[in-house]
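Here is the structure we will look at.
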Amino acid sequence: MSTPDFLLKGSTVTVVVLELHQYDSEAFPVQLAERVARAPGLFQGSPVVISLESLPADCGAVDLAAMLQHCRDQGLRPIAFRAVPDGLQEVAAHTGLAVLPPGGGRGRTIEAPPQEPAPDIEVRTEQQPVSAGRPTRTITRPVRSGQQIYAEGGDLIVLAPVSEGAEVLADGNIHIYGPLRGRALAGVHGDATARIFCQHMDAELISVAGHFLLSDALGDTVLRKPAQVALDGDVLSVSAL
Amino acid sequence: MARIIVVTSGKGGVGKTTSSAAIGTGLAQRGHSTVIIDFDVGLRNLDLIMGCERRVVYDFVNVINGEATLNQALIKDKRTEGLFILPASQTRDKDALTEEGVSKVLEELKGRFDYIVCDSPAGIEKGAQMALYFADEAIVVTNPEVSSVRDSDRILGILQSKSLRAREGQDPVKEHLLLTRYNPTRVSAGEMLSVADVEEILAIPLLGVIPESQDVLKASNQGEPVILNVDAQAGQAYSDAVDRLLGEDRAHRFLDEQKQGFLKRLLGGRG
């Protein structure tokens, strides 16, 4: 079986949202420069989604291309528009940026020093869900020697023994309710927060995000007992549950 | 509808053919018409254990290739009514077993027998995979030692992933554990795994425990299935296993060390 060159995954990232309340081609660059100057480090090279949700319907034509240029001049990296009004759809598409549907209105305002007049721009960070949830794979039959079970993109739950010579892998956490006598590898795509939980730790090998331990390294406090495995910095730690 | 039972193990020399012969004979003794098929093409043994090696004219591969009819190849057992043997070819190899060929022969046998016992070759390659592919039930023969248990675990995995039932998403193959060459004295001495150890690792229902015994070797050499020896513990243990296979409740026997009298020990008698 050949390994694919890539993996398509859903993921949630936090991005800066620039919410446009009105657009004045002269005031905008000045206000933006002021805002960035207050916290230069925060915005340098930062991806930003430009939300047109709060833009009044009668605002007329907005020169989106020029606005993007102003953002780039200040070191921001616009990646997408959100909630583009019908009148601006064509212009938005022309800029080459992605167009996202309206957001859920969540998010919080990044605290900035008190300011005199209400500015045209409000900067908020917001969770932008690209795909909802992680799939969990549940195995109810014993995982036998020579078998390999992989939970792609999520957690793995095994309600039966994992035999010597068997291998269970997950991009997320691994939970094993029968004895673990084989190999268990969590966070195989680099998720260092992934953990392994088992009722009877007798593994040949355990691994989180590429850091592994062999059975010799299991002490009496965890051997054949309920235990969890987590990555602590660069060290894989096994502790009793 | 006929049940297809594979007797398999992964590891060689654990007693698959002895068990196939004993269980096939036991089923026929209880009035179920039974055929035992030797899947060990190239290393046939079943005919020797069944004592019919001089009566082999045509074999399984001849039937698959259309060189003989099933009637010509089936050997009727002389001791047990309703028991037939389909011997393997000694001159061919496992590649002679094709899925279509085996399927065709099994379909024909299903119409004539209640039970079809498939005696698997050792290993996990083609011969073993063909033997288990069409199975409804599997008897996994295991010796109480780690390498045999590991191989049994492996073959259980193959049953779950590569059998026809697994491929077509039907009810899984029904698994039975048959522990052979069990020696309670050596278990007590820590030289062998106990029944509980093996059951814990393999986690499948226990069909029977056959004690290690000279009677088994003697029966093999005489070409007489050990189950016919009603005085031998091994024969009785196989009898119990067949009853359990047919759904009856039988307590497990011969699991504990037997106390030997002082005189018997002095004279070197067997346990």
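The values are calculated or read from the model by the stated rules, or taken from the named source; none is laboratory data. What you are looking at is a predicted structure, and each value in this text was computed from that prediction instead of being measured. A quick note on method: Cβ atoms are made from the backbone with ideal geometry, for glycine too, and the neighbour counts reach across all protein chains shown. Quick note on the areas: whole protein, heavy atoms, side chains included, nothing else; ligands and nucleic acids left out. Shrake-Rupley method; radii C 1.70, N 1.55, O 1.52, S 1.80 Å.
With the cut-off at 1.5 for a/c, could you classify region B:109-164 from its C-alpha gyration tensor as rounded, prolate or oblate? Let's see the in-between values first.
Details: a/c = 2.32, a/b = 1.79, b/c = 1.30.
Note, shape of region B:109-164 comes out prolate.
Across the alpha-carbon atoms of chain B, the computed radius of gyration and Dmax are 18.2, 62 angstrom. Rounded to the nearest 100 Å², what is the buried accessible area between B and A, both sides summed, probe 1.4 Å? It comes to approximately 1100 Å² buried between B and A. Shown for region B:184-209: residues covered by the partner protein chains by 20 Å² or more of accessible area relative to the chain by itself (probe radius 1.4 Å), namely B:GLU200, B:ILE201, B:ALA203. Note: chain A, Cα convex hull, 173 Å³ per residue.
With the whole protein complex present, A:GLU19 retains an accessible surface near 20 Å², based on a 1.4 Å probe. Summing Cβ point charges (Lys, Arg +1; Asp, Glu -1) relative to the Cα centre of the protein assembly as shown gives a dipole of roughly 2100 debye. Sequence-distant contacts, meaning Cα pairs under 8 Å at least 6 residues apart, place the relative contact order of chain A at 12 percent.
Straight-line reach from B:LYS78: taking Cα to Cα under 15 Å and skipping same-chain neighbours fewer than 8 places apart, the aspartates and glutamates in range are B:ASP47, B:GLU53, B:GLU224. GNM on chain B, alpha-carbon springs under 10 angstrom: the most fluctuating residue among B:ILE124, B:ILE201, B:ILE37 is B:ILE201.
For the protein assembly as shown, taking the reciprocal of the average inverse distance between every pair of different Cα atoms yields a Kirkwood hydrodynamic radius of 28.2 Å. When the solvent-accessible area of region B:52-177 is split by element, carbon and sulfur atoms take up 44 percent of it, the probe being 1.4 Å.
The mean of 1/r over all pairs of different alpha-carbon atoms in region B:14-157, once inverted, gives a Kirkwood hydrodynamic radius of 15.3 Å. Residue ranking by accessible heavy-atom surface, 1.4 Å probe, largest first, among B:PHE84, A:PHE6 comes out as A:PHE6, B:PHE84. Principal-axis analysis of the Cα atoms of chain A puts helix A:27-38 at an angle of about 40° to the longest axis.
Helix A:64-73 and the long axis of chain A differ in direction by around 70°, with both axes built from C-alpha atoms.
Please state the relative contact order of region A:147-241 as a whole percent: Cα pairs under 8 Å, 6+ residues apart? Contact order relative to length: 20 percent.
Taking all protein chains together and a 1.4 Å probe, the residues A:ASP73, B:ASP215, A:ASP86 rank A:ASP86, A:ASP73, B:ASP215 from largest to smallest accessible area. Taking the C-alpha atoms only, the angle from helix B:99-110 to the longest principal axis of chain B is near 80 degrees. Note that the protein assembly as shown presents 49 Å² accessible area per residue, ligands and nucleic acids not counted, probe 1.4 Å. A straight chain from B:GLU107 to B:GLN170 at 0.36 nm per residue would run longer than the Cα-Cα distance by 20.9 nm. Accessible area of A:HIS175 (1.4 Å probe, protein heavy atoms only, ligands and nucleic acids ignored): about 40 Å². Cross-link partners among lysines for B:LYS126, C-alpha distance below 20 Å, same-chain residues fewer than 8 apart left out? Counting by Cα, and skipping residues close in sequence, B:LYS126 has these lysines nearby: B:LYS11, B:LYS16, B:LYS94, B:LYS104, B:LYS162. Computed log10 I(q)/I(0) for region A:165-229 at 0.12, 0.20, 0.27 Å⁻¹: -0.23, -0.66, -1.19, from the Debye equation with unit scatterers placed on every C-alpha and solvent omitted.
Here the relative contact order of region B:160-246, from alpha carbon pairs under 8 Å that lie six or more residues apart, stands at 24 percent.
Note on A:ARG195: accessible area approximately 90 square angstrom, rounded to 10, probe 1.4 Å, nucleic acids and ligands left out.
Grab the other residues whose beta carbon is less than 13 angstrom from that of A:LEU169, score K and R as +1, D and E as -1, and report the net. Around A:LEU169, the charge tally is -3.
Residues B:TYR238, B:TYR58, B:TYR133, A:TYR177, sorted by accessible area with the largest first, give A:TYR177, B:TYR58, B:TYR133, B:TYR238 [1.4 Å probe; ligands and nucleic acids excluded]. Label point of B:GLU53 set 7 angstrom out along Cα-Cβ; within region B:219-250, amide nitrogens under 19 Å from it belong to B:219-227.
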